[in-house]
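The structure appears below as structure tokens.
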Amino acid sequence: MVNQRNRLYLITGIVCFFAILWLLIDYISWAEITVCPVKLVSGYPCPSCGTTRSIQALMHGHIGEAFMINPFGIISVAILIGVLILLILDLSTKKDYYYKTYWKIELYLQKHKVVSAVLIILVIINWAWNISKGL
């Protein structure tokens, strides 16, 4: 039976792999494909619409453009790099840095509902901004 720690590492590893794969495929292709189910069904962007384009702008050194497309791109890159560093550190040292960090953040957000509420409000503001930009 897979324990909670191993399940977290497995799911995180799979998500990171597909995120990097998606970025590489998007980086080498010229097609702009909309895969957002919210936008495909409703015609309106979701809060994360534009994140891939934002990351691509960031990869080309255009930080301001990346922020204007969708700030989630910058946040996603920071999280992806942090998670990958912690996973590699855990694999190389046989420690639980990622697991412990994940649960500290989880418990912090559960304990501090105001922080969670502020984060949710920021997502809603970003969503409204995406809609107003016609993303």
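Here are the numbers for this structure:
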{"quantity": "The chain: angle of helix 97-111 to the longest principal axis, Cα-based, in degrees nearest 10", "calculated": "70"}
{"quantity": "In the stretch 13-135, lysine pairs closer than 21 Å at Cα, eight or more apart or cross-chain", "calculated": "6"}
{"quantity": "Cβ-placed point charges (K, R +1; D, E -1), dipole of the chain about Cα centre in debye, nearest 20", "calculated": "500"}
{"quantity": "Paired Rg and Dmax values of the stretch 50-135, which use every Cα atom, in angstrom", "calculated": "15.8, 47"}
{"quantity": "Nonlocal amide H pairs with Cys46, under 5 Å, H built at 1.01 Å", "calculated": "Lys39"}
{"quantity": "Å² per residue, accessible surface of the chain at 1.4 Å", "calculated": "71"}
{"quantity": "Packing-based ranking, highest mean first, of 109-120, 4-15 given that Cβ atoms within 10 Å are counted", "calculated": "4-15, 109-120"}
{"quantity": "Packing rank of 37-45, 80-88, 68-76, where each peptide gets the mean count of other beta carbons within 10 Å, highest leading", "calculated": "68-76, 80-88, 37-45"}
{"quantity": "The chain - percent of accessible surface contributed by carbon and sulfur, probe 1.4 Å", "calculated": "74"}
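The values are calculated or read from the model by the stated rules, or taken from the named source; none is laboratory data. It should be emphasised that the depicted structure is a prediction, and the values quoted were computed from it without experimental measurement. Glycine gets a Cβ as well: all are built from the backbone with ideal geometry, and neighbour counts include every protein chain shown. Just the protein is used for accessible areas: all its heavy atoms, side chains included, with ligands, DNA and RNA removed. Shrake-Rupley method; radii C 1.70, N 1.55, O 1.52, S 1.80 Å.
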